Structure formats: structure tokens, C-alpha cells
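Notes follow once the structure below has been shown.
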Amino acid sequence: MSDTGRLRRFEGAALRGVWRYEAAQFTRYWKPQTFGALFEPAFMLLAFGYGVGSLVAAVAGISYRDFVATGVVGTAALFLSVFPAMFNGYTRRVFQHTYDAVLAAPVDLHELLAGETVWTAARAGVFGSAPLLVGMVFGLDPAPGMLLVPFIVFATAFGLSLFGAWTAARVASINSLDYVITGVVTPLMLVAGTYFPMSSLPGWAQVAAHANPVFHCVELVRHAVFGFRPLADLGHLAGIAAFAAVAWTLALRTLRRKLIA
Amino acid sequence: MGHNVTSVTQQTNALALRGVVKRFGDRAAVDGLDLTVERGVCLGLLGPNGAGKSTTMRLLTGQAVADEGAIEVLGFPVPRESKRARAAMGVVPQQDNLDEELTVRENLEVFAHLYRVPRGGRAAAVARAVARARLTGRERTRVGDLSGGMRRRLLIARGLVHDPALVLLDEPTVGLDPQVRAELWGLIDGLRAAGTTVLMSTHYIEEAERLADDCAVMARGRVIARGAPSDLVARHAGKQAIEHHGPPARLAEVERIAHAAGLPTRRTGPSVTVLRAEELPPSALEALGADGFVRRPTLEDVFVILTGERVE
Ligand SMILES: Nc1ncnc2c1ncn2[C@@H]1O[C@H](COP(=O)(O)OP(=O)(O)OP(=O)(O)O)[C@@H](O)[C@H]1O
Ligand SMILES: [Mg+2]
């Protein structure tokens, strides 16, 4: 009687229903979110770009200010995906039982997960590219490759959002998410070449970073702005895709266990 | 042949469960459940806490997957074609799962989408639901700011937003004051009048007596009695009940006499009721004394006899 053997289909009507819910939520939160998306990187740039930038002139051939302006995009991709996925995921599963309501409608779990993840990733793609705009205000030179940045952030945020959904499905209490934030999210942010170059990290950390989609994201964003390196960039895309594939499997499996008894 | 059986089922039954077993660990929440509900019928599902009523509802929506047995909902095998069944089914859960941050209208609009109400009919469907929930003028209120009764009405209206052919109501009036309950009864009665099939679990026997065409009494995961409320009363509680009040020793004596005559009794606080009292032999009747109060047996009596549980 298990439904695991069934061919998984994604129906447009189901996805649109999930997006309608997200859109209703978004009308509540777009103002503070826009504020955060613009001012957070502005503060980061001011603090790091001018603060640390006065000590360090250039990193890996680019000015430290430009290094940070591109690095912050990675942080934004991380924060804008992991946090909403974790906290919405937990609230909707445990506090409000929203998932129970949605799954009683003609929406299957994989559609619910895909719909939420696409939404979160798309929003991250838009807001997560804001640091580049802010960077341009502070003197970063525009480049055509920047137009690809929203897509790079989308892909990165897709996997990270699934990772957040997976942790939210696993934890028994919302407080346990603090462990994930300190133990996983913070290292993901730092071991990614965001604020300092990877070469300043020990060798093992440089190797471990290859499992970190934020690292691949930051590399891709820098290459998009300062010049692509096709072979290396294909590798980074593959890294992002692999992370997303693993996170999809884990999130779907764990949610199924929790929501469909 | 199997095909024939299915097509006949499709025409007459909204629900069919055969030999359904659902275990959680080594405990069976549903344990060999057989239940069919004809189209257009309002079936009351009665049973004590933990009887498996909510689990049965979740099996019907594919939110729980049976370990054994076969389930068909509106002609669709579940869970294989559960999505098509869900599209034509409305669900009002035991536990409120409205979105508190969103307004009344937003909650309804989201579910009109989720239930695939066509674009052209959505606004009308939402307006109908608002009226059904009697929340006209409150469309822009956050659900978190509604009273308990309003929330419950909205929860029911949300489950009906797509005019489903089948509605699952899991304890729709639990925890509400009598006036709100009476209002909801009107709403549910309206569904029945419109020909919607209703599966309604409840602890309130009066609710089943008022609304249900047919009742199934569940205990320990299976149906132990089935029939129209009046039939169940006639079959299990007879025609007459005699209620005796008195101190514990007196009640014990009444019970002893009734049991010696092979008749069931029921204790409620300071009284004991002898059921099927019309079958009492004259000697026993005499032994019981004349202080008894004769009344008609109720569905509540049946419930207590069958399940050994108290009711609210
Ligand atoms: N997800 C679950 N995991 C483990 N046990 C469960 C789960 N869901 C239900 N049960 C158990 O299955 C049994 C039947 O529960 P169910 O909720 O179906 O009963 P019910 O008839 O709806 O009761 P109530 O009147 O209290 O709502 C109970 O013993 C319950 O503890
Ligand atoms: Mg229940």
C-alpha cells in the first residue's frame, strides 16, 4: 500500500496553490524583508569594506571592498534560504499544522516541498542579489555577468532551503534549531571565502568547503562579476546541484516520516 | 469480476473500507475496520477516545497509510489515487489548522486555490464560504483575532470552499458553547439537505442523534455496531429504561437484580439505569421497588453499553 513506487508528478495546479499561500504570507513580510535585504549588506560593506579594507588593500587580485561585496551575496543566499525554510518549516509543521491542512487538499508532499523551495529560492535570488546593487553604490563596477547572479543565488538557495526544511523536520523542539544555526549555518557562512580568502584557511577546511554550496556560490558570483572560468565554474555548479540533490532526498524522506504516518 | 464490484461500489458508495488495519508500533489504532457509507448519507462515527476515529479520517485522505486492507473514496483507490479523491473531498480536522497570520479571506482564497476552484469561480466560492462561516464584515480580520466559535465556523467553511461531494468532519463542535454548537448543526444539516455525503465523528451523542442518518460505533479500531440511531437504540437498549437514584448500596442492589435477570445497566453519578427494562420478569420488577423513574432509552445508553465508556 506504499506510494513510494508511484511515478512522481508535479502538477502545476498543486504548485500554484502552494505559491498562493506563500504569496499571501509575503504580503505580510515584504517590507521588513526588503529593508533587511538592502541594509544588512550595506552595514556589512561599511564594516568590512571600510573597516578591514583599510588594513587589507587587495585579496586575490581584487580590492577588499569588491571581495566583500561579492562575498556577502553568498551570506545572503544562505540566510535568505536556511532561516525561512527552518522557521516556516517548523511553524507550519508543528505550531500551525499548515502542512496537515495542505496535504488534505490535492497536493502531494513532493509538490508541497518543491513549491515552498522554489518560492524561497526565487525570493532569495532577488533579494540575495541586492548586495551587488549596494556594492555598486560603494563603487563596484557593473559587469554583464552580474545578470546571472540571481540565478546562481537561486540555485544555491534551492539546496540550502531544502537543508533548512530537513533540519526543521528532524528537530523535536524549535530551540534545537539553535544547534544547527551555530553548528552548521555559521561554519557554512565562514568557510566559504566570503570575508577572507580560502587560502588563509587550513588545508582540511579548504577541502571541506567543497561540500559547502555557499563556497561554490561565492566563487561563481566572483567569476560572474570579474570573469568566468568555464571549467572551474562547471565544477561549482555541480557542487551546488549535488548538495541540492542530497538535501532533497533527506528533506522529502524525513517530512514523509513526520507527516504521513 | 473485480472490475464489476468496483463499478457498482462507485455508483452507490462514497466510502468503502475493507479489513483495514493501521498500526503505530505494535499498537493497532485501526484494527480490521469494515465500513461503507452510501452517497448522500450523513454517517455519525461514535467512539470513545482512542477508538481510531481520527486515524480512520487520515487513512481516507492518504495522510496515514494502511498496513492491511483496501480503501476506496469516491470510487478512487486510496492511497494510490488519493489525490483525485482529495480533490473532491472536504476535510475539517479535529485540530484547528488555520493560518493565524492571514486574514479570513486570505485563508479561504488560499484553499480555493489548493482545491483548484477554477479562476472564474474563486471569488464567488470565497464569498459563499464567508457567508457560510457568518463572517461577513470580518473578511479582513486576522484569524488569530477571531473567537473560538468564529474560527471553528471558518474551519468548516474552508473545508467546503470547493463544494465537495464528501466531507469529513472530525469532532466539528468539540469545545464550543451550546449556542455555537447549535449554529454549526444548522450548517451541517444544510449539507445533508444538499446531498453531500458526510462522515462525522463525535463524542456528543445528541449531535449524532440530531444529524446522522446512520451511526457506526467504533471501539478499539473497529465498528462494533451500525445502524440508524433509533434502530441501534431498539436493538441494544430496548424500549424502556428505569433509572434509580439512591446511596451506593442501593445502586449496587439494583445492579445485582438487573444482572441476575440478564439485563444491562448503566451508572451515572448517583443513579443507575436498568436498560431493556421491558424484559424484566415480574419478580425482579417487584424486587427493584417502585422508586424507579421510567424513561425512553437513548443512543447514549447504547454507547455506554457497547463501549463501557462514559460520555460527555
Ligand atoms: N501518529 C501516531 N503515532 C502513534 N500513535 C498514534 C498516532 N495517531 C494515533 N495514534 C494512536 O492511535 C489510537 C487511535 O487514535 P485516534 O486519534 O484515531 O483516536 P480517536 O478515536 O480519534 O480519539 P479521540 O476521540 O481522542 O480524538 C490512539 O491510541 C492514539 O494514541
Ligand atoms: Mg480524534
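The values are calculated or read from the model by the stated rules, or taken from the named source; none is laboratory data. Since this is a predicted model, take the numbers as computed values, not measurements. All Cβ positions, glycine included, derive from the backbone under ideal geometry; neighbour counts span all protein chains shown. Only protein heavy atoms, including side chains, enter the accessible area calculation; ligands, DNA and RNA are left aside. Shrake-Rupley method; radii C 1.70, N 1.55, O 1.52, S 1.80 Å.
Selection of region B:34-50 for residues being within 16 Å of ligand 2 (Cβ to nearest atom) and in a loop (DSSP other than H, G, I, E, B) yields B:GLY47, B:PRO48, B:ASN49, B:GLY50. Taking the stated definitions as given, is A:GLY193 open to solvent by 20 Å² or more (accessible area, probe 1.4 Å) and on the phi > 0 side of the Ramachandran plot? No; evaluated as a whole, the condition is false for this residue.
For region A:11-24, the set of residues classified as open to solvent by less than 20 Å² (accessible area, probe 1.4 Å), more than 7 Å from chain B (Cβ to nearest Cβ) and over 10 Å from A:GLU116 (Cα atoms) consists of A:ALA14 only.
Do you know which residues across region B:187-231 are outside any helix (DSSP H, G or I), away from ligand 2 (no atom under 16 Å from the Cβ) and either over 28 Å from B:PHE24 (Cβ atoms) or open to solvent by less than 30 Å² (accessible area, probe 1.4 Å) (or both)?
Residues satisfying the conditions are B:ALA194, B:GLY195, B:THR196, B:THR197, B:VAL198, B:ALA212, B:ASP213, B:ASP214, B:CYS215, B:ALA225, B:GLY227, B:ALA228.
When A:VAL82, A:VAL59, A:VAL72, A:VAL107 are checked against the criterion of being at negative phi, away from every other protein chain (no Cβ under 12 Å) and over 21 Å from the mean Cα position of the chain (by Cα), A:VAL59 stands alone in meeting it.
Checking the condition on the phi > 0 side of the Ramachandran plot and not small (Gly, Ala, Ser), which residue from B:ARG220, B:ARG267 passes?
On the way: B:ARG267 fails: on the phi > 0 side of the Ramachandran plot.
Residue meeting the stated conditions: B:ARG220.
Please work out if B:ALA277 is open to solvent by less than 20 Å² (accessible area, probe 1.4 Å), in contact with a strand residue (DSSP E or B) (Cβ under 7 Å, 6 or more places away or on another chain) and assigned by TED's automatic domain parsing to the domain that holds B:GLY52. Spelling it out, it is not the case that B:ALA277 is open to solvent by less than 20 Å² (accessible area, probe 1.4 Å), in contact with a strand residue (DSSP E or B) (Cβ under 7 Å, 6 or more places away or on another chain) and assigned by TED's automatic domain parsing to the domain that holds B:GLY52. Residues that are part of a helix (DSSP H, G or I) and either under 10 Å from B:VAL161 (Cβ atoms) or within 14 Å of chain A (Cβ to nearest Cβ) (or both) within region B:111-120 comprise B:PHE111, B:ALA112, B:HIS113, B:LEU114, B:ARG119, listed in sequence order. Only one entry of B:LEU285, B:LEU299 meets the criterion of being surrounded by 14 or more Cβ atoms within 10 Å (Cβ to Cβ) and free of Cβ contacts under 8 Å to residues at least 12 places away in the same chain, and that entry is B:LEU285.
Listed conditions (1) in contact with a Leu (Cβ under 6 Å, 6 or more places away or on another chain); (2) not assigned by TED's automatic domain parsing to the domain that holds B:VAL174 are all met by B:GLU286, apart from (1). Which number in (1) within 14 Å of chain A (Cβ to nearest Cβ); (2) away from ligand 2 (no atom under 16 Å from the Cβ) marks the one condition that B:LEU168 misses? Of (1) within 14 Å of chain A (Cβ to nearest Cβ); (2) away from ligand 2 (no atom under 16 Å from the Cβ), only one is false for B:LEU168: (2). Within the span defined as region A:86-103, one or more residues are within 24 Å of B:ASP99 (Cβ to Cβ), within 13 Å of chain B (Cβ to nearest Cβ) and of a type in the set (Gly, Ala, Ser).
Contact annotation: residue pairs with Cβ atoms under 8 Å, 6 or more positions apart or on different chains, pairing a residue in region B:55-67 that is on the phi > 0 side of the Ramachandran plot with a partner that is open to solvent by less than 10 Å² (accessible area, probe 1.4 Å) and of a type in the set (Gly, Ala, Ser), are B:GLY62/B:SER82; B:GLY62/B:ALA85. Each residue in region A:109-133 was checked for being polar (S, T, N, Q) and either under 18 Å from A:LEU38 (Cβ atoms) or without any contact (Cβ under 8 Å) to a residue 40 or more places away in the chain (or both), and 1 of them qualify. Kindly indicate whether A:ALA85 is in contact with a Gly (Cβ under 6 Å, 6 or more places away or on another chain) and of a type in the set (Gly, Ala, Ser). In short, yes.
Could we say that B:ARG267 is within 30 Å of B:ALA66 (Cβ to Cβ), open to solvent by 70 Å² or more (accessible area, probe 1.4 Å) and part of a strand (DSSP E or B) here?
No, not satisfied.
If you go through region B:38-50, how many residues are more than 8 Å from ligand 1 (Cβ to nearest atom) and either β-branched (Val, Ile, Thr) or open to solvent by less than 10 Å² (accessible area, probe 1.4 Å) (or both)?
Just the residues of region B:38-50 that are more than 8 Å from ligand 1 (Cβ to nearest atom), to begin with: B:38-46.
From what's left, either β-branched (Val, Ile, Thr) or open to solvent by less than 10 Å² (accessible area, probe 1.4 Å) (or both): B:41-46.
Total meeting the criteria: 6.
Of B:ALA123, B:ALA127, B:ALA157, B:ALA133, which residue is farther than 23 Å from A:GLY12 by Cβ, open to solvent by 30 Å² or more (accessible area, probe 1.4 Å) and away from ligand 1 (no atom under 16 Å from the Cβ)? B:ALA127 is the lone residue from the list that is farther than 23 Å from A:GLY12 by Cβ, open to solvent by 30 Å² or more (accessible area, probe 1.4 Å) and away from ligand 1 (no atom under 16 Å from the Cβ).
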